[in-house]
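The values are calculated or read from the model by the stated rules, or taken from the named source; none is laboratory data. Model, not experiment: these values are computed from the prediction. As a convention, Cβ positions derive from the backbone with ideal geometry for all residues, glycine included, and neighbour counts pool all protein chains shown.
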Amino acid sequence: MDDVFKKYKKRLARIGIGKAVAVALIFALFAFGIAVLIAWLCRAGIPVIFGVSGAAGAAVFAIALPILYVKRFRPTERTVAKRLDALGLKERAITMYECGEDVSGMAALQRQDAVHKISSVPQGRLKYSLALPAVLLLLLGAAFAAGTATASVISAAATQEEAEEETEEEIIAETTFTVIYKVYEEGTGTIEGLTEQQVKKGGFTEEVTAVPADGYRFSEWVDENAVPFANQNNPRSEVNVRADLVVYARFEKVSQPPSEDEDVDGDIESDKGDHEKNDPDKEEKDPQEPTPSEGSQEGEGNAGGGSDASSANNNVIDGTQDYKDNFDRETLEKELAGRDIPDELKDILGDYYDTLKP
Amino acid sequence: MAAEETAKEATEREIARFGGQLREIFTQIRRDVIGQKEVVEGTVIAMIAGGNVLLEGAPGVGKTRLVRSLGRVFDLPFSRIQFTPDLMPADVTGTNIIVTDENGNSSFRFEEGPIFSNIILADEINRATPKTQSALLEAMQEHKVTVMGVSRKLAEPFFVLATQNPIEQDGTYPLPEAQMDRFMFKLIVPSPEPRELKDIISMTQKTMDEVADTVCTGARLLEMRRTANAILISDSVLDYTAMLCAATHPESKYAAETTKKYIRFGASPRAGQALVSAGKVLALMDGRFNVSYDDIDKLAYPVLRHRIKLNFEALSEHISPDEVISLILAEARRRREGGGTKPAAPQPPEKMGGDKGGKADKKKRGIFGKNK
């Protein structure tokens with residue numbers, strides 16, 4: 001009987017392997033998809049996702065293939081007989097197989113008849129076929145695996161990008177900047193508080209106070225290029241620090257108060273004109289804003305002669321600066337920033353300076 | 001090996017004789033019965049397999065003629081019992097009568113009824129009362145008759161070939177399930193086709209008598225039965241047969257959807273026995289030495305149609321037993337091939353001795369009646 005079924009069995013074995021591969025592939029695809037999902041949920045990177053999932057799929061395939069073939073698709077003589085009968089042998093093959101031990105005359109005749117009929121069946125009639133549900137499952141498994149893989153790749157890439165951004169933020173957040181407070185001109189004042197502070201990005205410094213020396217008063221906070229800061233509060237604190245910073249406290253000399261006569265006279269215009277008449281050289285000598293060193297010389301000069309007092313009358317507010325060629329409201333506002341002057345007075349002074357414009 | 005060869009040669013000879021005998025039987029019956037190929041074939045199969053046959057058909061379609069012709073062909077004693085409402089069981093089985101001998105002594109003597117024959121034609125069996133119908137029960141199943149406490153064996157071979165008319169149901173007594181179950185086949189005898197009718201008319205113009213020659217004997221018929229019984233049947237086919245019978249029971253776990261919907265009571269185990277016994281004869285007639293699924297499917301109609309009891313839903317929808325069997329077979333075939341249990345559209349396969357089934361054939365079923 002083995003000889004009768006041999007060629008069909010070989011063909012059915014090939015068909016069985018094909019079916020086992022297909023079904024094992026279904027299992028493997030689903031295992032791959034599930035592994036991808038799990039790896040993705042564990043926030044693994046793309047190489048890990050594909051490495052682990054591929055290994056899981058391959059392992060399932062390797063395990064399932066032999067089990068499926070041996071347990072389900074390996075042809076036995078019985079299955080060969082049934083498949084042959086399905087080709088129109090009218091149960092001759094299965095009866096021959098099941099009654100193989102029967103020694104009756106009828107059984108012998110049946111075997112003879114069956115062998116004759118079976119030999120007329122070409123093995124090519126045993127077609128490769130896969131059940132529709134298996135085909136559908138295969139497609140479903142492929143779609144599932146492809147879908148999860150694509151989704152996880154997209155998601156993992158996005159997560160990685162986010163993580164990189166977060167890392168960058170963290171690095172930045174951990175960066176500290178140094179804020180140094182200095183006096184613009186030595187000897188004109190001091191700074192109370194921590195003059196050198198380490199601040200994290202976006203952080204703020206502790207307050208420092210610019211304290212003028214005798215004969216001086218606080219003027220403004222400037223940077224290294226002598227550009228004033230917008231915030232001229234004293235005490236001062238830096239907020240949202242995003243770079244190293246050096247802040248200079250600038251002090252200015254306090255001018256001597258005017259004499260009583262001059263105060264009674266009060267005609268500044270005429271005083272100015274007098275001053276120009278009386279001391280024309282002074283205009284040439286001191287046209288510019290004094291530098292810190294010049295200021296001190298000027299202070300000495302002022303202390304030494306009456307012409308200096310006349311000059312002080314030409315200066316606005318404290319007499320240390322001459323705005324007659326360089327005045328406007330903006331400069332005034334800059335000058336007045338940080339000073340405790342009522343707004344009404346500021347407006348009056350502003351209007352006054354506007355009248356001085358050429 | 002030599003013994004096997006000898007047995008094989010002996011069987012070959014038997015089968016050759018079987019085939020030759022069968023051809024002769026059909027040839028002779030065709031001389032008396034025109035057409036009705038499937039009915040003749042079914043009747044002969046049942047006789048070889050040792051079963052009784054219920055023939056259902058309109059008057060004049062050749063039921064009685066077929067039975068008479070079979071009696072001639074097999075050279076077997078033939079009794080005809082015309083069943084009527086006033087027929088008594090003793091009229092069928094026989095009875096004890098008082099006889100007086102030469103010396104004047106009286107004693108009982110059993111006078112055999114018409115049932116003591118080899119072929120019984122129970123004509124219009126559904127016209128007798130259930131009491132008389134039941135007189136046949138023991139004879140049909142056990143081939144013996146018990147009268148006044150004495151059992152008498154009937155001659156072998158013994159067959160009951162009953163007829164019933166599906167129309168004119170007034171004054172009839174439908175056969176009870178137990179009686180029905182004792183018929184191996186219920187064959188529906190169709191009206192002859194016009195061409196067949198022409199031949200029938202021509203033939204009967206010459207003579208109304210049966211002309212078939214005797215070509216077989218009772219002993220030879222029993223030999224044929226033994227030969228057929230030796231035909232092999234695989235476990236797979238046996239499983240299928242058992243599953244098919246179980247599928248007709250609505251409470252069974254193998255019940256087909258159709259069964260649950262349309263059947264009240266399913267077929268008895270006798271149905272399975274009949275399928276296998278008749279299947280073996282059919283296989284041999286087809287030149288095979290094993291029973292196939294197709295044999296079982298083909299025989300399912302005559303074997304099951306009178307054994308399944310349809311429910312009210314089937315009756316109200318005018319669903320015939322053959323249609324229900326078609327659906328059950330379709331489901332059983334699908335299960336056999338491992339394709340699930342979803343019911344298929346009715347596609348009756350080739351079947352034996354029945355109406356063509358299907359809703360498209362309503363007209364014809366109307367003529368031959370619903371197979372209740």
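Points to keep in mind about this one:
- Residue satisfying condition, being within 14 Å of chain A (Cβ to nearest Cβ) and among the small types (Gly, Ala, Ser), within set B:58, B:16: B:16
- Among the candidates A:114, A:107, A:145, the residue that is within 30 Å of residue A:72 (Cβ to Cβ), within 12 Å of another protein chain (Cβ to nearest Cβ) and either assigned to a helix (DSSP H, G or I) or in contact (Cβ under 8 Å) with a residue 40 or more places away in the chain (or both) is uniquely A:114.
- All positions within segment B:36-54 that are outside any helix (DSSP H, G or I) and more than 19 Å from residue B:197 (Cα to Cα): B:50, B:51, B:52, B:53, B:54
- Screening residue A:128 with (1) away from chain B (no Cβ under 14 Å); (2) touching a residue at least 24 places away in the same chain (Cβ under 8 Å); (3) assigned to a helix (DSSP H, G or I) gives one miss only, at (3).
- Filter pass, residue B:40 being closer than 20 Å to residue B:285 by Cα, away from every other protein chain (no Cβ under 14 Å) and touching an Asp or Glu at 6+ places or on another chain (Cβ under 8 Å): no
- Condition check for residue A:82: surrounded by 15 or more Cβ atoms within 10 Å (Cβ to Cβ) and either closer than 21 Å to residue A:10 by Cβ or of a type in the set (D, E, K, R) (or both): yes
- Residue match in segment A:171-180 (condition: in contact with a helix residue (DSSP H, G or I) (Cβ under 9 Å, 6 or more places away or on another chain) and either loosely packed, with under 14 Cβ neighbours inside 10 Å or of a type outside the set (Ser, Thr, Tyr) (or both)): no
- Of all residues in segment B:77-107, those being farther than 20 Å from residue B:160 by Cα and among the charged types (D, E, K, R) number 3.
- Being under 22 Å from residue A:150 (Cβ atoms), touching a residue at least 24 places away in the same chain (Cβ under 8 Å) and assigned by TED's automatic domain parsing to the domain that holds residue A:147 is a property that holds for residue A:28.
Rundown of residues vs (1) at pLDDT below 85; (2) in the same structural domain as residue A:335 (by TED's automatic domain parsing); (3) surrounded by 13 or more Cβ atoms within 10 Å (Cβ to Cβ), yes/no style:
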residue: A:200; (1), (2), (3): yes, no, yes
residue: A:206; (1), (2), (3): no, no, no
residue: A:209; (1), (2), (3): no, no, yes
residue: A:212; (1), (2), (3): no, no, yes
residue: A:217; (1), (2), (3): no, no, yes
residue: A:220; (1), (2), (3): no, no, yes
residue: A:228; (1), (2), (3): no, no, yes
residue: A:236; (1), (2), (3): no, no, yes
residue: A:245; (1), (2), (3): no, no, yes
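- Among the numbered conditions (1) crowded, with 20+ Cβ neighbours inside 10 Å; (2) under 30 Å from residue B:64 (Cβ atoms); (3) touching a His at 6+ places or on another chain (Cβ under 7 Å), the only one that residue B:266 does not meet is (2).
- Scan of segment A:156-170 for residues that are surrounded by 12 or more Cβ atoms within 10 Å (Cβ to Cβ) and either part of a strand (DSSP E or B) or without any contact (Cβ under 8 Å) to a residue 60 or more places away in the chain (or both), ordered by number: A:163
- None of B:165, B:229 is touching a Pro at 6+ places or on another chain (Cβ under 8 Å) and either away from chain A (no Cβ under 14 Å) or not acidic (Asp, Glu) (or both) except B:165.
- Residues (in a loop (DSSP other than H, G, I, E, B) and crowded, with 19+ Cβ neighbours inside 10 Å) located in segment A:1-57: A:44
- Yes/no for residue B:283 being in contact with a helix residue (DSSP H, G or I) (Cβ under 7 Å, 6 or more places away or on another chain) and either at positive phi or more than 13 Å from chain A (Cβ to nearest Cβ) (or both): no
- Counting only strands (runs of 3 or more DSSP E) that fall entirely inside segment B:147-263 and contain at least 2 residues that are touching a Gly at 6+ places or on another chain (Cβ under 6 Å) and touching a residue at least 40 places away in the same chain (Cβ under 8 Å), the qualifying elements are B:183-189.
- Scanning segment B:61-90 for residues that are more than 24 Å from residue B:131 (Cα to Cα) and assigned to a loop (DSSP other than H, G, I, E, B) returns B:61, B:62, B:74, B:75, B:76, B:77.
Conditions (1) touching a strand residue (DSSP E or B) at 6+ places or on another chain (Cβ under 6 Å); (2) facing chain B (nearest Cβ under 9 Å); (3) closer than 30 Å to residue A:3 by Cβ; (4) of a type in the set (D, E, K, R), marked per residue:
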position	(1), (2), (3), (4)
A:49	no, no, no, no
A:52	no, no, no, no
A:60	no, no, no, no
A:64	no, no, no, no
A:82	no, yes, yes, yes
A:86	no, yes, yes, no
A:89	no, yes, yes, no
A:98	no, yes, yes, yes
A:102	no, yes, yes, yes
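- Note on segment B:186-211: among residues that are in contact with a helix residue (DSSP H, G or I) (Cβ under 7 Å, 6 or more places away or on another chain) and more than 14 Å from residue B:36 (Cβ to Cβ), the one that is modelled with the highest pLDDT is B:186.
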